[in-house]
Amino acid sequence: MMNPKPNHMIRRRKSDPQRLTCWLSLVLLGVLLFPGPGVHAQPASVLTIDSCYARAQRNYPLIKQYDLIEKSKEYTISNANKAYLPNISITGIGAYIISGLPTISLPNAPTAEKKDFQFIGIGQLNQTIWDGGATHTQKEVAKAGAIADKASIDVAMFEIRERINQLFFGILVIDAQMEQLDILVSNLTRSLNSAKLTSENGLAYQSDVDEVKAELLNVKQRKIEFLYTRKGFVDMLSFMTGTALNETTKMDQPVVVENYLSLTNRRPELDLYASQLRLTDVSGSFDKVAVMPKFGVMAAGILIEPGIAFGTATMNSLAVAGLSLSWNTSGLYRLSKNNKLNKIRQDKITNQQETFLFNNALQLKQGSNEIEKQQEIIKNDDEIVQLKIRIKNAYQLKYDNGICSMNDLISSINKESEAKRNQALHRVQLLMSMYNYKAKTGN
């Protein structure tokens, strides 16, 4: 049989939960007073639309093409510069002679010994002095081609701005709507408390309380829809920018573009067409280069073993050196037609540029009309909101005096909230239209 525990031990056991509670309280207080690195409350990050543009472009995989284009241009120019390095060629021929090389013998001279195996070695060195401008043209084509390729990438990268605009301003629209819904919830909550108090005093029906509760649930459903839509927009914006964003991320509302009509057209497509015209013009220089003569220095040496006998002497080697001139005139026959083909290519690019400018001008005209329309709509928003507030206040007074129903009061509250939401929506839509217009001008 076990001995009973002493009384002092029993008292200690009973005091353990109190000591543990005290210890946990001290730990919690220490955490609150001296939070660790991961406990600091981080303020919600704020994103500007310009930072989204920059991050999206840095994150887009196509940006790697810039470095590849630059390296390709450098390698092409480096190879072109090697055209002026000496060109050495060596040829060796060793074979069994079926019918030997002829020999020349003087009268009464002994006949040279004939060998069936013959080796002939030929070495040649060519040093270009002037290649007719081919190297210079090749380097200019490489530079112009790199500029055109980069301009093409610029066009693709600039299209990211329109995607960012849709996501960024979509989030701003949702935030503006959510803010007004929160105000609506606050108004309905006050009406609910008033209806409860009136119902408890026997001056109103329970149905009034139920109507407000039902309307609050409807608002809650709308907020849920907005929250999930916003989450989808934030996720897409996070993916586009390569930045970790969450529901606490706030979008900084951009400033109004006052001078949007005076913006200069800086669309990257214009640089692309200009670079393509330049590339076509430089490439056409190859046709002119093809008909130019080429000058250089040439040296050649021949080794024959066994040599060729010329009487008493035997020729084993031969060396020559001098200036070289080569001129291929076949390009002259195609020069005229090639010039016409090059002119057609330039005309096609010019026509593409004219078509782009026409469509861009049409888009800018539509954009300016949309901005003007929204500016006119916004002028009436303030007055509409003030009228809806007065109407709601009047219905609130009527309800307090038992003249109207709760349904009428809720309807007036909803209409006031709708007017405020429309006002917030119109302001964000105006900003979005201005920034879309700005993007259409390449700014």
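Residues in the stretch 398-410: is at least one crowded, with 16+ Cβ neighbours inside 10 Å and of a type in the set (Asp, Glu)? Within the stretch 398-410, none of the residues are crowded, with 16+ Cβ neighbours inside 10 Å and of a type in the set (Asp, Glu). Of all the criteria given as (1) under 14 Å from residue 215 (Cβ atoms); (2) in contact (Cβ under 8 Å) with a residue 60 or more places away in the chain, the one not satisfied by residue 408 is (2). Quick one: in the stretch 148-167, which of the residues that are among the acidic types (Asp, Glu) and part of a helix (DSSP H, G or I) is surrounded by the fewest Cβ atoms within 10 Å (Cβ to Cβ)? Only one residue fits best here, namely 162.
Within the option set 302, 308, being in a strand (DSSP E or B), among the β-branched types (Val, Ile, Thr) and modelled with pLDDT under 80 holds for one residue only, 308. The condition (being out of contact with any Lys or Arg (no Cβ under 8 Å at 6 or more places or on another chain), among the β-branched types (Val, Ile, Thr) and in contact (Cβ under 8 Å) with a residue 12 or more places away in the chain) is satisfied by just one residue among 257, 234: 234. Taken over the stretch 48-105, residues that are over 30 Å from residue 141 (Cα atoms) and at pLDDT 90 or above amount to 10. Can you find a residue in the stretch 250-268 that is assigned to a helix (DSSP H, G or I), touching a Leu at 6+ places or on another chain (Cβ under 6 Å) and surrounded by 18 or more Cβ atoms within 10 Å (Cβ to Cβ)? No, that holds for no residue. Filtered by the rule that a residue be under 14 Å from residue 409 (Cβ atoms) and either of a type in the set (D, E, K, R) or touching a strand residue (DSSP E or B) at 6+ places or on another chain (Cβ under 7 Å) (or both), the stretch 214-229 gives a lone residue, 215. The listed residues are 123, 202, 132, and the only one of them that is on the phi > 0 side of the Ramachandran plot and touching a strand residue (DSSP E or B) at 6+ places or on another chain (Cβ under 6 Å) turns out to be 132. Within the stretch 263-277, at least one residue is in contact with a Phe, Trp or Tyr (Cβ under 7 Å, 6 or more places away or on another chain), of a type in the set (Asp, Glu) and at pLDDT 85 or above. When restricted to residues that are closer than 19 Å to residue 169 by Cβ and out of contact with any helix residue (DSSP H, G or I) (no Cβ under 6 Å at 6 or more places or on another chain), the stretch 254-277 contains 4. Restricting the stretch 168-193 to residues that are touching a residue at least 24 places away in the same chain (Cβ under 8 Å), of a type outside the set (Phe, Trp, Tyr) and over 15 Å from residue 226 (Cβ atoms) leaves a set whose member that is surrounded by the fewest Cβ atoms within 10 Å (Cβ to Cβ) is 189.
Quick grid of which residues meet (1) closer than 30 Å to residue 275 by Cα; (2) among the basic types (Lys, Arg); (3) in contact with a strand residue (DSSP E or B) (Cβ under 9 Å, 6 or more places away or on another chain); (4) surrounded by 11 or more Cβ atoms within 10 Å (Cβ to Cβ):
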residue: 330; (1), (2), (3), (4): no, no, no, no
residue: 349; (1), (2), (3), (4): yes, no, no, yes
residue: 358; (1), (2), (3), (4): yes, no, no, no
residue: 371; (1), (2), (3), (4): no, no, no, yes
residue: 375; (1), (2), (3), (4): no, no, no, yes
residue: 388; (1), (2), (3), (4): no, yes, no, yes
residue: 393; (1), (2), (3), (4): no, no, no, yes
residue: 413; (1), (2), (3), (4): no, no, no, yes
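I'd like to know if the stretch 263-280 contains one or more residues that are without any contact (Cβ under 8 Å) to a residue 40 or more places away in the chain and closer than 30 Å to residue 424 by Cα. The answer is no; no qualifying residue exists.
The values are calculated or read from the model by the stated rules, or taken from the named source; none is laboratory data. Please read these numbers as outputs of a predicted model, since none were measured by experiment. Virtual Cβ from ideal backbone geometry, glycine too; neighbours counted across all protein chains shown.
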